[in-house]
Amino acid sequence: MPEIVVKYEDKIIERVVSEKKRISIGRTHDNDIVLDNRGVSRKHAQIEFNDNAAVIIDNESLNGTFVNNRKISEELLRDGDTITIGKYSLTYHTEVSHMPSNASMDGTMVLNTKKQKDLLQQDKFDREIVIRMGGSVLVGEENTDFSEYPIERNVTTIGKAKFVHIHARGFMLSGIQAKIVKENEQCSLVNLGRKGKVKLNGEDVESQLLKNGDIVQVGKSVYRFVEGRQ
């Protein structure tokens, strides 16, 4: 049974488990998930469940709905996806992890917070990259030779060897330290070399599906993954 973990400023405020086929999200108390903040529209978004799939739909909200830092109108949810609505984050799990225009528009305030501006700016930047590069991209953040690396092959190698597709820096890195495998429009990060040299969002990883906005670190080189879905 799916679970949605609701957080406000990184503090868990609610865990939602429901057998309903549709869950509404918004500011007013007639919603299934109530986000009591003026940056949230009255009927902000909804999640529809069908068999083993879940789709989040933005109800043309004023401040938008984001999935993994990407603004969406409708998006298929995957396990671990993070939904951002106003100052709230909602993490979607396929299974229960723990039992337990202006303010006159439906009373919603336009969010002018730095977080909201950064999200919108990052979303615009990422969409431009995807259009220009034609697919998924690793964006160089720290200690990289280039600012952008297209993920255009089924297998993209990362390491210190001269023949790898993406060169990484760092002490004691393997020639081929990691690879990104593209399959069925999804990308996975796989560690092929020494343990502890490949991290995903700060955690050691051996093999993990990549999501938009994930931070990939190989040795001292840091990249941000931008998924190729517009």
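Suppose the filter is open to solvent by 20 Å² or more (accessible area, probe 1.4 Å), of a type in the set (G, A, S) and within 22 Å of N201 (Cα to Cα); does S18 pass it? Taking the combined requirement at face value, the residue does not satisfy it.
Identify the residue in segment 56-90 that is assigned to a strand (DSSP E or B) and among the acidic types (D, E) and, among all such residues, is nearest to Q116 (Cα to Cα). Working first, answer last.
Start the filter on segment 56-90 by keeping residues that are assigned to a strand (DSSP E or B), which leaves 56-58, 65-67, 70-72, 74-76, 82-85, 88-90.
Going one step further and asking which of them are among the acidic types (D, E), we end up with 58, 74-75.
On the way: D58: 16, E74: 19, E75: 19 Å.
The qualifying residue nearest to Q116 (Cα to Cα) is D58.
Quick one: would you say V40 is open to solvent by 40 Å² or more (accessible area, probe 1.4 Å) and not aromatic (F, W, Y)? So V40 fails the test. Considering segment 123-134, the residues that are open to solvent by less than 20 Å² (accessible area, probe 1.4 Å) and over 25 Å from G219 (Cβ atoms) include one that is modelled with the highest pLDDT, namely V130.
Among the criteria (1) of a type outside the set (A, V, I, L, M); (2) modelled with pLDDT of 80 or more; (3) open to solvent by 20 Å² or more (accessible area, probe 1.4 Å); (4) under 21 Å from I4 (Cβ atoms), the one K115 does not fulfil is (2). Which residue is nearest to L76 (Cα to Cα), if the candidates are limited to segment 1-38 and must be of a type in the set (D, E) and part of a strand (DSSP E or B)? Across segment 1-38, the extreme among qualifying residues is E3.
Cβ separations smaller than 7 Å between residues 6+ apart or across chains give the following pairs from segment 71-82 residues that are closer than 17 Å to V226 by Cβ and open to solvent by 20 Å² or more (accessible area, probe 1.4 Å) to residues that are part of a strand (DSSP E or B) and not β-branched (V, I, T): T82/S89. Of all residues in segment 162-180, those satisfying the criterion of being exposed (fewer than 14 other Cβ atoms within 10 Å of the Cβ) and in contact with a strand residue (DSSP E or B) (Cβ under 9 Å, 6 or more places away or on another chain) are F163, G175. In segment 134-146, the residues that are more than 15 Å from R229 (Cα to Cα) form Cβ pairs under 6 Å with partners that are polar (S, T, N, Q) and in a loop (DSSP other than H, G, I, E, B), at six or more places apart or across chains, as follows: G140/S147. Residue pairs whose Cβ atoms lie under 6 Å apart, separated by 6 or more positions or on different chains, with the first residue in segment 17-45 and among the acidic types (D, E) and at pLDDT below 95 and the second assigned to a strand (DSSP E or B) and open to solvent by less than 10 Å² (accessible area, probe 1.4 Å), are D32/I23. For first residues located in segment 185-205 and more than 18 Å from S136 (Cα to Cα), partners that are among the small types (G, A, S) and open to solvent by less than 60 Å² (accessible area, probe 1.4 Å) and lie 6+ apart or on another chain with Cβ distances below 6 Å form the pairs N191/A178; L192/A178; G193/S174; R194/S174; K197/G219; V198/A178; D204/G196.
Among the conditions (1) under 17 Å from the mean Cα position of the chain (by Cα); (2) closer than 20 Å to E152 by Cβ, V218 misses just one, which is (1). Of the residues making up segment 201-221, those that are open to solvent by 20 Å² or more (accessible area, probe 1.4 Å), in contact with a strand residue (DSSP E or B) (Cβ under 8 Å, 6 or more places away or on another chain) and either among the aliphatic types (A, V, I, L, M) or part of a strand (DSSP E or B) (or both) are D204, S207, Q208, L209, I215, Q217.
The values are calculated or read from the model by the stated rules, or taken from the named source; none is laboratory data. What you are looking at is a predicted structure, and each value in this text was computed from that prediction instead of being measured. Heads up, the Cβs are rebuilt from the backbone with ideal geometry, glycines too, and the neighbour counts pull from every protein chain shown. All accessible areas refer to the heavy atoms of the entire protein, side chains included, with ligands and DNA or RNA removed. Shrake-Rupley method; radii C 1.70, N 1.55, O 1.52, S 1.80 Å.
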